Amino acid sequence: MSEPKAINLRFPDPGQRAAIAAAAKAEGVSMQEYILGAAYARATALEGRFLDAFRASQARSGDAFTREPGDTDPTMEQRTAEADARRELARHGEGHAA
């Protein structure tokens, strides 16, 4: 069975490579492990922000269904703002497929 190949690490900026090499050395890992670890940390942080926003959205949706029917009707100001936004989009031709 062939051995797994290492990531081909090319950096156009020698300073960037040196900074990553120093950080990897300080952590006691290879550059490949350092880069993969940083990518994983970034992805899981993004996932966490997404899940937090999703939970907040669920809470808002749930609140809308627990209110009385008349409580969720938009105010006159909200209706005016929505109509203004629709007119603005229509004027610029946005919101339509190309």
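Quick notes on this one:
- Within segment 34-64: backbone nitrogen closer than 14 Å to the GLU82 label point (7 Å, Cα to C-beta): none
- Extension gain from GLN16 to ILE35, taking 0.36 nm per residue of separation minus the Cα-Cα distance: 5.6 nm
- Taking 0.36 nm per residue of separation and subtracting the current Cα-Cα distance, fully stretching the chain between ALA56 and ALA90 would add 9.1 nm.
- In this structure THR80 has an accessible area near 70 Å², from a 1.4 Å probe over the protein heavy atoms.
The values are calculated or read from the model by the stated rules, or taken from the named source; none is laboratory data. This one's a predicted model, so the numbers in the text were calculated from it and none came from an experiment. Positions of Cβ are generated from backbone atoms using ideal geometry, with glycine treated the same way; all protein chains shown enter the neighbour counts. Side chains are part of the model used for accessible areas, which takes the heavy atoms of the whole protein and leaves out ligands, DNA and RNA. Shrake-Rupley method; radii C 1.70, N 1.55, O 1.52, S 1.80 Å.
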